[in-house]
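Report on the following structure.
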Amino acid sequence: MPSHFRMQLESWLKELEIKADFVLDIGGGQKPVKGRTKSWEVKEYKILDLPDWNLNNTWLYLDKKADIVFCLEVMEYIWQPNITISNLKNILKKDGILYISFPFIYPHHEPAETDYLRYTRWGVEKLLEETGFNILDIKSRKATKGYSGLLEFFIKEKMKMSRNFGDHDDTGYLIKAQKI
C-alpha cells in the first residue's frame with residue numbers, strides 16, 4: 001500500500017485535466033505522469049530524468065518550448081533551486097503551466113548523498129515568485145489524519161511554532177503555477 005504522502009500526490013493528479021501540445025515530465029522516469037491524471041490530451045510527451053539529464057544542471061536547452069512542465073518529487077534533490085526553477089521557466093511557453101511538488105517534512109531518503117533540501121510554504125512562494133511564476137494554487141500535504149505525533153513532538157520539544165500559521169501538520173506542497 002502506498003504511503004499517505006504518495007496517496008495525496010496521486011489524489012491531486014487525479015483531479016488534473018491535461019490538454020496540451022507538448023508536456024515535459026522532469027524526473028518522471030520511475031513514475032511517469034501520463035496515465036495518472038483525470039484526463040490526458042497531449043500530442044507530445046517527453047520525460048527528462050537521470051542518467052540522461054542531471055537535475056542539478058545549470059542550463060537546460062530544448063529545441064522547443066513546453067505548454068506544461070511537471071516536476072514532481074524531485075526538488076529535495078536540487079542543490080540550486082533558483083537555477084532549476086529559472087530553467088523550468090525558460091523551457092515553458094508564455095503563460096505555460098508548472099505542476100511542482102516540494103517536501104517540507106520528510107525523512108532523509110535515497111540516494112541520501114543527494115537528498116539536500118526541504119521547503120516551507122513561504123520558501124516555496126518566494127522561490128516561485130522570484131523566478132517569474134504566478135502561483136495559481138497551493139495544496140498543502142498533511143500528516144496522516146488522526147496522527148498527532150508531529151504536533152506532540154513540537155510541543156514536547158518546546159519548539160516555537162508560528163502563531164500566525166494555524167496548521168502545523170503540513171508535510172509538503174503541491175503547486176500549480178503559471179509563467180509570468
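Throughout, read-outs are computed from the coordinates displayed, never taken from laboratory work. Computed from a prediction, not measured in an experiment: that's the story for all the values here. Here the Cβ positions follow ideal geometry from the backbone for every residue, glycine too, while neighbour counts run over all protein chains shown.
At a glance:
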quantity	calculated
Set K46/K89; K126/K156; K64/K179; K142/K179 screened for pairs whose C-alpha atoms are more than 19 Å apart	K126/K156; K142/K179
Check: the chain dipole with +1 on Lys, Arg Cβ and -1 on Asp, Glu Cβ, in debye	440
Highest-fluctuation residue, S162, S101, S86 considered, GNM on the chain with Cα pairs under 10 Å	S162
Most mobile listed residue (T114, T84, T37) in the chain, GNM with C-alpha springs under 10 Å	T114
Highest-fluctuation residue, D25, D95, D63 considered, GNM on the chain with Cα pairs under 10 Å	D63
Under-5 Å amide H pairs with Y173, H placed in peptide plane, nonlocal only	F102, F104, R141
Amide H contacts of G96 (H built 1.01 Å from N, under 5 Å, at least 5 apart or other chain)	K179
GluC sites (Glu not before Pro), loop per DSSP, at most 11 other Cβ atoms within 10 Å - longest free stretch of the chain	16-156
For the chain, the longest site-free run once chymotrypsin sites (Phe, Trp or Tyr not before Pro) in DSSP loop states with at most 10 other Cβ atoms within 10 Å are removed	62-180
Taking segment 4-179 and dividing mean pair separation by its residue count, relative contact order in percent (alpha carbons under 8 Å, at least six apart)	22
